[in-house]
Amino acid sequence: PLFRKREAFYGFPDALESIRKSGRAIVVEGYFDRIALARAGLGEALATCGTALTPEHAHQLHRRTREVVLLFDGDDAGQRAMERSLAILLPEGLRVRAAALPPKDDPDSLLAREGPEALRAVVDGAVPALEAVIRRAASQPHATAWDKSDAVQQVAPLLALVADPVERGTYERQLALSIGVGDEEVRTLVRREGTQRRGMTPATERDAVGPVAAPAQAPLPAGHERIARWAARLARQWIDHPPLAREIDAEALAGLLPVAPWNRLLPAFAELCETDAPVDVEAICALLDDECAAALRGVALAEDEPLDVERARVLQTQTVERLRRDRDREVRREKLRDFATGEIDETTLLRESQRALELRRAQGPASGPVRPN
């Protein structure tokens, strides 16, 4: 009950303060690698406990930092391990850097031979991981059209996981320039990869029926499918009755939604419903990133029976309350995990639990991110 390898990091309790101060976490492959980095003054290092990185690990990192440095061997095997880890971390919105050790070195051997400054220089010199992946693809021969297509398709699945359209567009242009192809060709392949990960094809994406409840990059964790259905239900009511969206505190709602793309889509949608006029779904989709736009189109095309405004308002209140209760349970679980790992002590756990209980009592059973009239 207390130890789950899929979400545990070796050295996590000791690293928390260093992660907070440095604004980053360093992820390595083995326990002794973590020890070597700590000896070099890099206390923010972590190691998985005999497993590859998992979505649960990524969620733990996302709670504590925005930047992750992956430190793997510089050979092909290390590069492949870095790319696999990148595919896990990007869906959490983390900014990932890649640091490569010299050939045949591990952190301990580099520390012993060249000292802590050399090891810190390797970590501090880490480049954005997607840039490293693009350089690796560009280093392969790409004299023919087939070679260029293979190189782009090697990187496109990772670019499709980048939710921020500015970041994704920048990397798409870098890849196009490095391989010698047009920007639009790269964007087409990245978009195709994203739609295929949602179980669609480019030809059928706009005709899909039902909301896109999962992020393009990975299956939803247990329990999140239910939250995604509730979020889709809210979006459906806002399409039919735009004034309901203005009764929601969009910022507070975002805090109740741990599921992408709904945690981005619903707050943005609520802010865009400025009038009582019928919602122009395509006009709103033009202002959203690709993943959010696909989810909203899916909701709009679902063949649900419309509700009258009063029934829709009741449904909205019930849905928000369910989201709040679900979030409260998740926060309690996180506090218990923090207590089990030593991140907080028993007194702090009891004090925070009491404060949360008093807040819930003060709010009453129908509370939620609803703006007061």
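The values are calculated or read from the model by the stated rules, or taken from the named source; none is laboratory data. Because the structure is a prediction, the values reported are computed rather than measured. Heads up, the Cβs are rebuilt from the backbone with ideal geometry, glycines too, and the neighbour counts pull from every protein chain shown. For accessibility, only protein heavy atoms count, side chains too; no ligands or nucleic acids. Shrake-Rupley method; radii C 1.70, N 1.55, O 1.52, S 1.80 Å.
Things to note:
- Rolling a 1.4 Å probe across the protein heavy atoms gives the stretch 237-322 an accessible surface of 44 Å² per residue.
- Surface composition of the chain: carbon plus sulfur atoms hold 52% of the accessible area, using a 1.4 angstrom probe and ignoring ligands, DNA and RNA.
- Translational diffusion of the stretch 7-99, estimated by Stokes-Einstein from the Kirkwood radius over alpha carbon pairs at 25 °C in a medium of 0.890 mPa s, is 191 µm² per second.
- Those lysines that a straight Cα-Cα span of less than 22 Å connects to LYS5, excepting residues fewer than 8 apart in one chain: LYS335
- Calculated FRET value between THR348 and GLU184, using beta carbons and R₀ = 35 Å, to 0.05: 0.05
- Length released on extending from ALA143 to GLU56, taking residue separation times 0.36 nm less the Cα-Cα span: 27.2 nm
- A crude spin-label estimate for the pair ASP240 and LEU287, with each label 7 Å from Cα along the Cβ direction, gives 2.3 nm.
- Accessible surface computed residue by residue for the stretch 47-94, with neighbouring protein chains in place and a 1.4 Å probe, gives 39 Å² per residue.
- Backbone N under 20 Å from the ARG229 label point (7 Å along Cα→Cβ), restricted to the stretch 270-308: 295-307
- Beta bridges per DSSP with both ends in the chain, % antiparallel, nearest 5: 30 percent
- Entry for percent of Cα pairs over 31 Å apart (calculated from the structure that is shown) out of (1) 45; (2) 54; (3) 38: (1)
- Helix-derived mean residue ellipticity, 222 nm - over the chain, DSSP H n ≥ 4, -39500 (n - 2.57), to 500: -18500 deg cm²/dmol
- Pair ALA121, LEU336: separation of 7 Å Cα→Cβ label points (nm): 4.9 nm
- Given R0 = 30 Å, the distance between the Cβ atoms of THR317 and ARG80 translates into a calculated FRET efficiency of 0.05.
- Rounded FRET efficiency, nearest 0.05, which uses the C-beta distance separating ASP150 from ASP14 and R0 of 30 Å: 0.10
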